[in-house]
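Structure, as structure tokens:
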Amino acid sequence: MKSRVLYITCKRELTTMINTGVSARKEFQVQSSDSASSVASGAVNVLSTPSVISFIENVSFHLVQNTLEEGSTTVGFHIDVYHLSPVPIGEKVEVISTVDSVNGRKIRFKAEVYWKGKKIAEGIHERVIVNEKEFYKRIEK
């Protein structure tokens with residue numbers, strides 16, 4: 001995919017630059033706390049789908065965070081993941097997240113997860129740029 005630069009103007013005149021096609025890779029070692037039995041998403045001691053999702057969100061968040069203006073961050077609002085194969089506890093997985101598109105404040109990522117060179121998960125993840133102070137005001141009582 002050809003990389004292109006997009007300028008985004010958010011609420012309160014926040015402007016940032018996001019490059020489509022840019023990607024990040026990160027390796028995670030699967031801990032027992034990442035297992036399906038540990039997170040109560042199943043009864044087996046292998047990498048859980050919720051942990052796969054957490055890994056994808058982690059890489060996607062860090063991929064764009066340093067491009068945002070001070071006081072801004074991203075929050076996840078959508079994820080669609082196919083968990084294709086089990087991974088044993090103690091093994092390492094590689095997560096790759098790529099900025100696929102930007103629409104206003106919304107950023108869409110394509111993600112892939114590999115174990116020993118084999119794709120074990122893939123999907124999309126979407127995040128939205130928010131002003132942190134305004135975000136927290138939404139939950140104040």
Let me know the charge dipole size of the chain about its Cα centre in debye, to the nearest 20, where only the beta-carbon of Lys, Arg (+1) and Asp, Glu (-1) is charged.
300 debye
Pseudo-spin-label distance Lys106 to Glu27, built 7 Å along Cα→Cβ, given in nm, is 3.6 nm
Label points 7 Å out from Cα along the Cβ direction at Ser38 and His62: separation in nm?
1.8 nm
With the cut-off at 31 Å, tell me which of the pairs Lys26/Lys133; Lys26/Lys106; Lys110/Lys133; Lys92/Lys141 have Cα atoms farther apart than that.
Lys92/Lys141
Rank these residues by their accessible area, most exposed first, probe 1.4 Å: Lys26, Lys133.
Lys133, Lys26
Give me the Debye-computed log₁₀ of I(q)/I(0) at q = 0.25, 0.28, 0.32 Å⁻¹ for region 47-94, equal point scatterers on Cα only, no solvent, two decimals.
-0.98, -1.12, -1.30
Expressed in nanometres to one decimal, the distance between label points 7 Å along Cα→Cβ at Glu140 and Ile89 is 4.4 nm
Whole number in Å², please: accessible area per residue of region 45-141, 1.4 Å probe, ligands, DNA and RNA not counted.
54 Å²
Using a 1.4 Å probe and counting only protein heavy atoms, arrange Ile139, Ile120, Ile79 so the residue with the most accessible area comes first.
Ile139, Ile79, Ile120
Per residue Cα convex hull volume in Å³ - calculated over the chain
117 Å³
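The values are calculated or read from the model by the stated rules, or taken from the named source; none is laboratory data. If you're wondering where the values come from, they're calculated on a predicted model, not measured in any experiment. Note that each Cβ is placed from the backbone with ideal geometry, even for glycine, and that neighbours are counted across all protein chains shown. Side chains are part of the model used for accessible areas, which takes the heavy atoms of the whole protein and leaves out ligands, DNA and RNA. Shrake-Rupley method; radii C 1.70, N 1.55, O 1.52, S 1.80 Å.
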